[in-house]
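The values are calculated or read from the model by the stated rules, or taken from the named source; none is laboratory data. These numbers come from a predicted model, not from an experiment. Methodologically, a virtual Cβ is constructed for each residue, glycine included, from the backbone with ideal geometry; neighbour enumeration extends over all protein chains shown.
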Amino acid sequence: MKIDFGMVSLGINFGDRHQGRGRRQWFLLAVFLLALGLLLSLRAVSPAQAATTTITLESAATVINGCDTLDLFIRINDVTNLYGADVRLTFDPTVLEVTVIQELNDLLQPPFYIAAKQYDNTAGTAWLALTQLNPTPEASGSGNFARITFRAKAEQIDSPITISYSKLADRQGMTIPATAVGGSLTTQAPQSPEATIAQLNTNTVRISWNAIPGVTNYNIYRDTYAYFTPAIPYQVVTALTFDDVGVLGNSATNYFYAVRSTCANGFESPSSNHMGEFDYDLASAASLDTFNVIALPLDSADSIVPFQASGLATYIGSGVKQVLRWSPASQNFNVYRPLTSPPPANFALTTAQAYVIQVDGTTNPVLTFVNDVPNEGSVTFSFSIGSGSGCALNAISIPLDRTDLVSASMLATDIGGVDQVLFWNPATQNYRVYRPGVSPPFANFAIRTGYPYFVCLNETAPLSWP
C-alpha cells in the first residue's frame, strides 16, 4: 500500500506472512505521521521570523491640497526571509480615489509574479499581491513594498485608510507573522476664486476671477436667489471670464452668481463670493420731472464712487435732479441737489437703504446695479417708533434673504407694531397703502426682496428689524 502525504511517499506491505512485522511497521508509521503533522503545524508560521515585523503606511505629507496627488507607501519593516506579500487597503471612496498602484523593488526584487494589482474607486479598495521568482534569494530587513497614489474627491480631516488584509510568506509559502498599522489622510478643497461682476453693456454682465493653480476648469452657478447653494453648473469654462448675455434690463428677474474652481475629477472649491445684478424700472417723462424710490440691495460701494448721494447721482446719469434720504429721527428728508450751485449737503449712502430720486426725461428707463451680495443676515434697520396715537415713518428694503415675505400683510406681521406699509408706484406717482387692522383693510399688495418700502410704526414696534 502506498500513502502520499505532501512531499513524503511511504510504501507499506501488509502481507499475512509477516503480521508481527506489519504491526510494528504500522506502529512506527503512526508515530512518524504524528511527528510529521506536528512539524508541519509548526512550519505554518515561519520559525525564522521575529514577532516585531510590521506593515505600515507612510508618506512625506498627510494632507492632499486641492487637485494635488499624494504618494502613500506600503512599508514592510524588520522582516526575515520574505519572498512574497499580499496587502489590501480600504478607504472612503467619497473622499479619496486611487490613480496608480506601483510595486517597488525596495525590499523584494524582480522579476515578480504579480497575482493581483488592482483598485476600485467605487468600493474604496486597493490590492497588490506578488512574489519573487527563483533564483531570487529571500529578502530581509525593511523597505517599501508598493506606492499607491491618492487624489482627493471631497474635503475631510483624517480620512482613514485601513490595511484590511495582509499576508507575508517565505520561499516555502509559510506565513510570516506581522502587525498591520493603518493611517489616514486629510484632504483640502481647491482654493476658491475671488470673483467680480461688471456691466458690459445694457444687457450683458461679465464675471471675472483669478486663476487657481492646479485646477482644470471653473464652474459658474446662477440662480434667482441671492444666497443659493450651488447644485448644477450653469456654465463650465476654462477661461477666467464669462459673459452672460441678455440678463440685464428685465426688472422681473434678477440673477445671482458664484464661481467654483474644479479639479479634473470634479472636486470643487467652496464658492466664491456671491455676486448679482439688480434692475429697477424708472419712471421718467420728457415734459416733467418724476420721482422714483429705489434701494441699494447689493454692496455697491466700489461701483458708486464716492459712496454718497453725489456718487449715486453720477452713477444714474445727468438726468438726476434730486437724491433724497428719509431721516426717521427728524421724520423728514435729507436732500442732495447735484445741479444747485453750491449743492445742498451731500450725505453717505448705506447698503440696502431706500432712496428717492427725482429724474427728468433723459434718464435711462432701467437702473441696473451689479456687485457683490451682502453677507446673509447682515442687513438690519434701526427704527424710530411712534408714541400715543401716532406712528413714525421708516424707510426699509426687503433683505435679499427674506424670500418668505411676499405681501405687505406678511411684512407687517413680521415686523410687528405696523400701522401702515407704503410702496411708491412710479407709474402713478403715488403711494399704495396697506393698513393692517382696518376693517376692511386697505388693499394688500405683493412685495419683493430688494425693493424699498415705508413702514409707519407705533409704540409697540421693535427698535430694529429684522
(message) So Thr202 ticks every box in (1) modelled with pLDDT under 95; (2) outside any loop (DSSP other than H, G, I, E, B) but one. Which box is left unticked?
(response) (2)
(request) Please determine, by comparing only the residues of region 441-462 that are under 42 Å from the mean Cα position of the chain (by Cα) and of a type outside the set (A, V, I, L, M, F, W, C), which one is nearest to Ile357 (Cα to Cα). (result) Pro452
(request) Could you list, in sequence order, all residues of region 446-466 that are surrounded by 15 or more Cβ atoms within 10 Å (Cβ to Cβ), in contact with a strand residue (DSSP E or B) (Cβ under 7 Å, 6 or more places away or on another chain) and in a loop (DSSP other than H, G, I, E, B)? (result) Ile447, Gly450, Tyr451, Asn458, Ala461
(request) Would you check which residues across region 339-377 are of a type in the set (Gly, Ala, Ser) and without any contact (Cβ under 8 Å) to a residue 24 or more places away in the chain and list them? (result) Ser341, Ala345
(message) I need the full set of residues from region 378-435 which are closer than 15 Å to Asn458 by Cβ, part of a loop (DSSP other than H, G, I, E, B) and out of contact with any strand residue (DSSP E or B) (no Cβ under 7 Å at 6 or more places or on another chain), in order please.
(response) Ser387, Gly388, Ser389, Gly390, Gly416
(request) Determine which single condition Thr94 fails, assuming it passes every other condition in (1) within 37 Å of the chain's Cα centre (by Cα); (2) of a type in the set (Ser, Thr, Tyr); (3) buried (at least 16 other Cβ atoms within 10 Å of the Cβ). (result) (3)
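Would you be able to say whether some residue in region 187-199 is among the charged types (D, E, K, R) and under 30 Å from Val95 (Cα atoms)?
Within region 187-199, the first condition is being among the charged types (D, E, K, R), and the residues that meet it are 194.
From what is left, the residues that are under 30 Å from Val95 (Cα atoms) are 194.
There is at least one residue in region 187-199 that is among the charged types (D, E, K, R) and under 30 Å from Val95 (Cα atoms).
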(message) Whether any residue in region 415-424 is touching a residue at least 12 places away in the same chain (Cβ under 8 Å), exposed (fewer than 14 other Cβ atoms within 10 Å of the Cβ) and more than 20 Å from Ser251 (Cα to Cα) is what I want to check.
(response) yes
(message) Given the condition assigned by TED's automatic domain parsing to the domain that holds Ile396, closer than 13 Å to Asp414 by Cβ and within 36 Å of the chain's Cα centre (by Cα), answer yes or no: does some residue in region 433-440 qualify?
(response) no
(request) Quick one: count up the residues across region 247-300 that are more than 18 Å from the chain's Cα centre (by Cα) and in a loop (DSSP other than H, G, I, E, B). (result) 21
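Out of all the residues in region 341-358, is one or more over 24 Å from Thr380 (Cα atoms) and within 45 Å of the chain's Cα centre (by Cα)? Talk me through it step by step, then tell me what you get.
Start the filter on region 341-358 by keeping residues that are over 24 Å from Thr380 (Cα atoms), which leaves 341-345, 358.
Of the ones still in play, those that are also within 45 Å of the chain's Cα centre (by Cα) are 358.
Yes - at least one qualifying residue is present in region 341-358.
Restricting attention to region 212-232, does a residue exist that is within 24 Å of Ile316 (Cβ to Cβ) and of a type outside the set (Lys, Arg)? It would help to see each step written out before you state the result.
As a first pass, look at region 212-232 and keep what is within 24 Å of Ile316 (Cβ to Cβ): 226.
Then keep just the ones that are of a type outside the set (Lys, Arg); that gives 226.
Yes, the conditions are met somewhere in region 212-232.
Would you confirm whether any residue within region 311-322 is closer than 26 Å to Ser464 by Cβ and assigned to a strand (DSSP E or B)?
The first filter runs over region 311-322 and keeps only residues closer than 26 Å to Ser464 by Cβ, leaving 312.
Those left that are additionally assigned to a strand (DSSP E or B): none.
No: region 311-322 contains no residue that is closer than 26 Å to Ser464 by Cβ and assigned to a strand (DSSP E or B).
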(message) If I filter region 356-377 for residues that are in a strand (DSSP E or B) and in contact with a Pro (Cβ under 6 Å, 6 or more places away or on another chain), do I get at least one hit?
(response) no
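Residue check: is Ile212 part of a strand (DSSP E or B) and either closer than 30 Å to Ser142 by Cβ or of a type in the set (A, V, I, L, M, F, W, C) (or both)? Break it down into steps so the answer makes sense when it comes.
Details: part of a strand (DSSP E or B): no; either closer than 30 Å to Ser142 by Cβ or of a type in the set (A, V, I, L, M, F, W, C) (or both): yes.
Judged against the criteria, Ile212 is not a match.
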(request) Have a look at Gly124, Gly141 and point out the one that is at positive phi and crowded, with 18+ Cβ neighbours inside 10 Å. (result) Gly124
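Table: residues versus (1) farther than 19 Å from Glu58 by Cβ; (2) out of contact with any Lys or Arg (no Cβ under 7 Å at 6 or more places or on another chain); (3) hydrophobic (A, V, I, L, M, F, W, C).
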position: Lys117; (1), (2), (3): yes, yes, no
position: Thr136; (1), (2), (3): yes, yes, no
position: Ile148; (1), (2), (3): no, yes, yes
position: Arg151; (1), (2), (3): no, yes, no
position: Ser159; (1), (2), (3): no, yes, no
position: Thr162; (1), (2), (3): no, yes, no
(request) Could you grab the pairs with beta carbons closer than 7 Å, sequence gap of 6+ or different chains, first residue in region 226-239 and free of Cβ contacts under 8 Å to residues at least 60 places away in the same chain, second one part of a loop (DSSP other than H, G, I, E, B) and of a type outside the set (Asp, Glu)? (result) Pro230/Ser271
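Pull up region 430-452, narrow it to residues that are touching a residue at least 40 places away in the same chain (Cβ under 8 Å) and among the small types (Gly, Ala, Ser), then point me to the one that is nearest to Val379 (Cα to Cα). Please lay out each step first, then the result.
Keep residues of region 430-452 that are touching a residue at least 40 places away in the same chain (Cβ under 8 Å), which gives 446-452.
With among the small types (Gly, Ala, Ser) added as a condition, the list becomes 446, 450.
Working: Ala446: 21, Gly450: 11 Å.
Ranking the candidates gives Gly450 first.
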(message) Take the conditions among the hydrophobic types (A, V, I, L, M, F, W, C), at pLDDT 95 or above, crowded, with 20+ Cβ neighbours inside 10 Å and over 30 Å from Pro230 (Cα atoms) and apply them to Val323. Does it pass?
(response) yes
(message) Can you pull out every residue in region 210-245 that is under 17 Å from Ala198 (Cβ atoms) and either aliphatic (A, V, I, L, M) or modelled with pLDDT under 95 (or both)?
(response) Ile220, Val237, Ala239, Leu240, Val245
